[in-house]
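Asks: Got a structure for you, written out below as structure tokens; questions coming shortly.
The values are calculated or read from the model by the stated rules, or taken from the named source; none is laboratory data. Since this is a predicted model, take the numbers as computed values, not measurements. Cβ placement follows ideal geometry from the backbone for every residue including glycine, while neighbour counts extend to all protein chains displayed.
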Amino acid sequence: MLKWLTTVTGQTSGLVVLRGTDVLYLDIRDGQEALRFYVEPGARAPAYGTASGKVMLAWHPERVPQVVKAGLRRLTPTTIVGAADLRRELREIRRAGVAINRGERQPDLAAVAAPLFDAHGECVAAVGIAGSRTRFTDDLEEFKRHVRKASDEISAKLGHRA
């Protein structure tokens, strides 16, 4: 599904899990755009600064105090650094079903992610795409639709019944 997601969007796609207060990148498919996001499988990043991390935190609110306690360090001018702001963003993500990152971890990087659910309805991971912020304006709705489709199909393979 990651290969399909990269093919239809041109962006780097990834499968990510939550580990402590970080996200852990499990699988990555490099995008085809000239400017693209690069990360190695096994790399970590602060969950609050990534679309994938925020989408998983939205379905695991019990983990938010741990993230806040670890510190919401400003990574870029647009990083969420207030606990109330983070909680508000997570409520909106849960309502929308997807998370968007607009330069919160790296200034020129944008991303869209959606949760992956297992047979018990538990959010166990996230799938998303990332690339140059310039591509995530006009194409944003299309990107969200493709990420949701990937999320639905992977979740179904994990036994989730919507």
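Asks: Identify, by number, the condition in (1) of a type in the set (S, T, N, Q); (2) surrounded by 14 or more Cβ atoms within 10 Å (Cβ to Cβ); (3) out of contact with any Lys or Arg (no Cβ under 7 Å at 6 or more places or on another chain) that residue 66 doesn't meet.
Replies: Against the list (1) of a type in the set (S, T, N, Q); (2) surrounded by 14 or more Cβ atoms within 10 Å (Cβ to Cβ); (3) out of contact with any Lys or Arg (no Cβ under 7 Å at 6 or more places or on another chain), residue 66 comes up short only on (2).
Asks: For a quick check of your reading: which strands (runs of 3 or more DSSP E) sit entirely within segment 1-48 and have at least 1 residues that are touching a residue at least 60 places away in the same chain (Cβ under 8 Å) and among the β-branched types (Val, Ile, Thr)? Spell out the reasoning first.
Replies: Working: elements: 12-19, 22-29, 44-46.
Correct list: 12-19, 22-29.
Asks: May I ask you to say which residue of 99, 130, 110, 162 is over 12 Å from the mean Cα position of the chain (by Cα) and either modelled with pLDDT of 95 or more or of a type in the set (A, V, I, L, M) (or both)? Break it down stepwise before answering.
Replies: Working: 99 fails: over 12 Å from the mean Cα position of the chain (by Cα); 130 fails: over 12 Å from the mean Cα position of the chain (by Cα); 110 fails: over 12 Å from the mean Cα position of the chain (by Cα).
Result: 162 is the single residue among 99, 130, 110, 162 that is over 12 Å from the mean Cα position of the chain (by Cα) and either modelled with pLDDT of 95 or more or of a type in the set (A, V, I, L, M) (or both).
Asks: Out of (1) over 22 Å from residue 39 (Cα atoms); (2) among the hydrophobic types (A, V, I, L, M, F, W, C); (3) out of contact with any Gly (no Cβ under 7 Å at 6 or more places or on another chain), what's the single condition that is false for residue 119?
Replies: (3)
Asks: Let me ask you something else. Going by the conditions given, is residue 63 of a type in the set (Lys, Arg) and modelled with pLDDT under 95?
Replies: Here the answer is no, as residue 63 does not meet what is asked.
Asks: Additional query: Would you confirm, using the coordinates I've provided, whether residue 100 is in contact with a helix residue (DSSP H, G or I) (Cβ under 9 Å, 6 or more places away or on another chain), under 21 Å from residue 158 (Cβ atoms) and of a type outside the set (D, E, K, R)?
Replies: no
Asks: When you go through (1) surrounded by 18 or more Cβ atoms within 10 Å (Cβ to Cβ); (2) within 25 Å of residue 117 (Cβ to Cβ) one by one for residue 75, which number turns out not to apply?
Replies: Going through (1) surrounded by 18 or more Cβ atoms within 10 Å (Cβ to Cβ); (2) within 25 Å of residue 117 (Cβ to Cβ) one by one, residue 75 breaks only (2).
Asks: Among the candidates 12, 6, which residue alone is closer than 16 Å to residue 151 by Cα, within 14 Å of the chain's Cα centre (by Cα) and surrounded by 13 or more Cβ atoms within 10 Å (Cβ to Cβ)? First the steps, then the outcome.
Replies: Numbers: 6 fails: within 14 Å of the chain's Cα centre (by Cα).
12 is the lone residue from the list that is closer than 16 Å to residue 151 by Cα, within 14 Å of the chain's Cα centre (by Cα) and surrounded by 13 or more Cβ atoms within 10 Å (Cβ to Cβ).
Asks: Is it the case, given these coordinates, that residue 87 is at pLDDT 95 or above, loosely packed, with under 14 Cβ neighbours inside 10 Å and closer than 22 Å to residue 123 by Cα?
Replies: It is false that residue 87 is at pLDDT 95 or above, loosely packed, with under 14 Cβ neighbours inside 10 Å and closer than 22 Å to residue 123 by Cα.
Asks: What residue, of 140, 158, 109, is surrounded by fewer than 18 Cβ atoms within 10 Å (Cβ to Cβ), among the aliphatic types (A, V, I, L, M) and touching a strand residue (DSSP E or B) at 6+ places or on another chain (Cβ under 7 Å)?
Replies: Numbers: 140 fails: touching a strand residue (DSSP E or B) at 6+ places or on another chain (Cβ under 7 Å); 109 fails: surrounded by fewer than 18 Cβ atoms within 10 Å (Cβ to Cβ).
After applying the criteria, what remains is 158.
Asks: I'd like to know if segment 146-154 contains one or more residues that are more than 17 Å from residue 56 (Cα to Cα) and touching a Gly at 6+ places or on another chain (Cβ under 7 Å).
Replies: No.
Asks: Could you list, in sequence order, the residues of segment 133-159 that are of a type in the set (S, T, N, Q) and at pLDDT below 95?
Replies: Here is the first cut: in segment 133-159, the residues of a type in the set (S, T, N, Q) are 134, 137, 151, 155.
Of everything in segment 133-159, those that are of a type in the set (S, T, N, Q) and at pLDDT below 95 turn out to be 134, 137.
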